[in-house]
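What follows is a short report on a single structure.
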Amino acid sequence: MTRAPLSPVEQQVYHFLLDFLAENTFQPSVRDIAERFRIPSTKSVADVLASLERKGYVKRKPGRSRGVVLIGVAGGAGTMPVPLVRVTAGSTELITEDHVALDRRLVPESDAFLVRANSGDQPGYGVRAGDLLLVDPVQRARDGDVVVTRIGGAVVVRGLQRRGATIVLLARGSGEDVELGAGDDYVVLGILSGVIRARNGTAG
């Protein structure tokens, strides 16, 4: 299951938590957060932290002022943990297997995720089997966008084109165009935002 997007305030607080932990090895108190963002009440801070927990970014330990645990954190200041998900044929669910720390400037949205390419016929888009694909999970990609799509159990990168009730995934260079309709097992995961190159068949 992927994370929900954050509001601007939630994102600011989340980034503060990430950087504070990297610099101090412990989390800020609720009062620290209130002072940093000039939030007038600790209850308002608690509400923001509760929302971060519901959306899958943190876990909280009740009754503790510094009882926030950041999910998947293993990087330094200026980074954020991005979920690495697994796709399954016949399912729309994305299963989080791990997290990868990336520079926040490279991550398009707070709910972006990584998925491993497992189809080897897409060199025209700079993708090889085993690469990690950074996906911006937009609700509706536009024609011409380069999208990441699960077709059966394969993760495929192609240009998107709609033709009535069907979509066509356009190959570039080698590979074949793929036409998909209502009866096909596929999910457009989102727009391709970056590629982490695999080394010796693995990435990360």
If you project the alpha carbons of the chain onto the principal axes, what extent comes out on each, in Å, largest first?
-> 57, 39, 26
Residues with amide H under 5 Å of ILE95's amide H, sequence separation 5 or more or different chain, H placed in the peptide plane at 1.01 Å from N; which?
-> ARG86
Isotropic mean projected area of the C-alpha convex hull, the range 8-70 (nm²) | 3.8 nm²
Along the range 176-192, what does the Karplus equation 6.51 cos²θ - 1.76 cosθ + 1.60 (θ = phi - 60°) give for ³J(HN,Hα), rounded to whole Hz, x for Gly and Pro?
-> 10, 5, 10, 9, 10, x, 4, x, 8, 8, 8, 9, 7, 6, x, 8, 5
Select from LEU189, LEU170, LEU114 the residue whose mean-square fluctuation is largest in a Gaussian network model of the chain (Cα-Cα springs shorter than 10 Å).
-> LEU170
Mean residue ellipticity (222 nm) of the chain, computed from DSSP H runs ≥ 4 via -39,500 (n - 2.57), nearest 500 = -6000 deg cm²/dmol
In sequence order, what are the phi-derived ³J(HN,Hα) couplings for the range 136-151 according to the Karplus relation 6.51 cos²θ - 1.76 cosθ + 1.60 with θ = phi - 60°, rounded to whole Hz, with x for glycine and proline?
-> 8, x, 5, 5, 9, 6, 9, 4, x, 5, 8, 10, 9, 10, 8, 10
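Expected output is a single nm value to one decimal: the length gained when fully extending between LYS43 and GLN161, i.e. 0.36 nm times separation in residues minus the C-alpha distance. What is it?
37.7 nm
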For the range 79-196, what does the alpha-carbon gyration tensor say about shape, rounded, prolate or oblate, given a ≥ b ≥ c as the root eigenvalues, a/c under 1.5 as rounded, and a/b over b/c as prolate?
-> prolate
Gain on full stretching of the segment that runs from ASN118 to ALA182 - 0.36 nm per residue minus C-alpha separation = 20.7 nm
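What FRET efficiency comes out for ASP103 versus ARG197 if R0 is 22 angstrom and r is the Cβ-Cβ distance? Round to the nearest 0.05.
On the way: r = 16 Å, r/R0 = 0.71.
The pair ASP103/ARG197 has a calculated efficiency of 0.90.
Bear in mind that the values in this text are calculations on the coordinates, not laboratory data. Here the structure is a predicted model, which means the values were calculated and not measured. Backbone-built Cβ (ideal geometry, glycine too); neighbour counts: all protein chains shown.
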